[in-house]
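Working notes, structure below.
Coordinate-derived values only; no laboratory data. These numbers were taken from a predicted model, which means no experiment stands behind them. For neighbour counting, all protein chains shown are included, and Cβ atoms are generated from backbone atoms with ideal geometry for every residue, glycine included.
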Amino acid sequence: KAGLLYFGAATDTPGFRERAPYPQSYAQYDAILADPDEFGQTTPTNGQKWLFTEPQPALFNFTEGDYVANLANRTGKMLRCHALVWHSQLAPWVETTEWTPETLTEAITRHIRAVAGYYRGRCYAWDVVNEALDEDGTYRKSVFYNVLGEEYLKLAFRVAAEVDPAAKLYYNDYGIERPASVKTAGAKRLVKMLKDAGVRIDGVGMQAHLHADNHPTEDDLVETNRGYAELVDEVAYTELDVRIKTPVDEQKLKWQSECYEKVVGACVRTKKCVGITVWDFYDPFSWVPDVFPGNGASLLWFEDFSKHPAYDGMVRKF
Ligand code: XIL
């Protein structure tokens, strides 16, 4: 569509969808998700994270990740894979072990070899490192950074490139969608650091967890994209949602639609913007109300399966 490779929706394994409002919802939900006219790509919202893939040292489990990978295969969708190295939803043992730089290097290498190796050839892209930056644009003091410094970033991308050479390798983060933000500057520094070290990085993923009542302009989004496009081959909106402060009303839904439209417009206007993924599509399965109380209705389908105004708004922009 309009030069993009895909428009997709992330999804979770059914076990995680505990807030489903009524029994038919799964069937209706599954039908929308499977429909190639709605989504040409998917991402597992949880199943490929360290917590699920290596819950104990060297004990690997792909049950959760496979659910979405197999669904992608069955429904003919591209698969974005998420995420190899991230400080959150990390298996507890990674944070309690007393590491030396050598032993943590081994653990990261083993993790990426096993996980990216298992999915080799099936991932259009991998979020190799997720959220390595703090709000001020400096490196987040994760266990990885504390033990290895920025070497862990080089290591992760090098091992991923070795294991799955065909996958596009992404740095992914939130709050890096606006041109003037210190975090955007940090993301560019991070990418340059990798490139200066001779490490391959193919893309920057902007999560784009946005707010209906305070969202960037389309020109700002385009400017940000162009900044990354000078450094990498691809950019993508990887986890798009637009939260509304509850209660929902028509005005807020209009702002939300404008925000979704701007993201589509910015991607369409940026040659290297390959695609957009919404972070699920059905409000009851969104992570937003759990993590940001007082916010909700951030996706494209309401609980009763009617569509948000943003759905038609986006369609017009493609
Ligand atoms: C979220 C999931 O959607 C939730 O189900 C889970 O409880 C927490 O993580 N940035 C990311 C995603 O990169 O992996 C996060 O996903 C949302 C923020």
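Quick rundown of the values:
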{"quantity": "Euclidean distance between Cα centres, segment 236-312 to segment 64-78, Å", "calculated": "23"}
{"quantity": "Part-to-part distance (alpha-carbon centres) for segment 188-218 and segment 150-175, which is given in Å", "calculated": "13"}
{"quantity": "Crossing angle, helix 101-118 versus the chain [Cα axis fit, 0-90 degrees, rounded to tens]", "calculated": "50"}
{"quantity": "Cysteines, the chain, no other Cys beta-carbon under 4.7 Å", "calculated": "Cys259"}
{"quantity": "Residue-count net charge about Asp213 - beta-carbon cut-off 13 Å; Lys, Arg +1, Asp, Glu -1", "calculated": "+2"}
{"quantity": "Fluctuation leader among Lys168, Lys49, Lys141 - the chain, Gaussian network, Cα springs under 10 angstrom", "calculated": "Lys141"}
{"quantity": "Most fluctuating residue given options Ala107, Ala187, Ala156, as computed from a GNM of the chain linking Cα atoms under 10 Å", "calculated": "Ala107"}
{"quantity": "Vicinal HN-Hα couplings computed from phi for segment 266-279 (Karplus, 6.51 cos²θ - 1.76 cosθ + 1.60; Hz; Gly/Pro x)", "calculated": "5, 5, 4, 7, 10, 3, 7, 7, 8, x, 10, 10, 8, 7"}
{"quantity": "Translational diffusion coefficient (Stokes-Einstein; Kirkwood radius from C-alpha pairs) of segment 6-317 at 20 °C, 1.002 mPa s, in µm²/s", "calculated": "109"}
{"quantity": "In order through segment 66-79: 3J(HN,Hα) via Karplus (6.51 cos²θ - 1.76 cosθ + 1.60), integer Hz, x for Gly, Pro", "calculated": "5, 4, 7, 4, 5, 4, 4, 5, 5, 9, x, 9, 5, 10"}
{"quantity": "Max mean-square fluctuation residue, GNM over the chain, Cα-Cα springs under 10 Å, options Glu239, Glu102, Glu64", "calculated": "Glu102"}
{"quantity": "Hz values of 3J(HN,Hα) by residue in segment 218-223 - Karplus curve (6.51, -1.76, 1.60), Gly and Pro given as x", "calculated": "5, 4, 4, 4, 5, 4"}
{"quantity": "Which listed pairs, of Lys262/Lys317; Lys49/Lys183; Lys77/Lys262; Lys141/Lys168; Lys77/Lys192; Lys183/Lys271, have C-alpha distances above 20 Å, in listed order", "calculated": "Lys49/Lys183; Lys77/Lys262; Lys141/Lys168; Lys77/Lys192; Lys183/Lys271"}
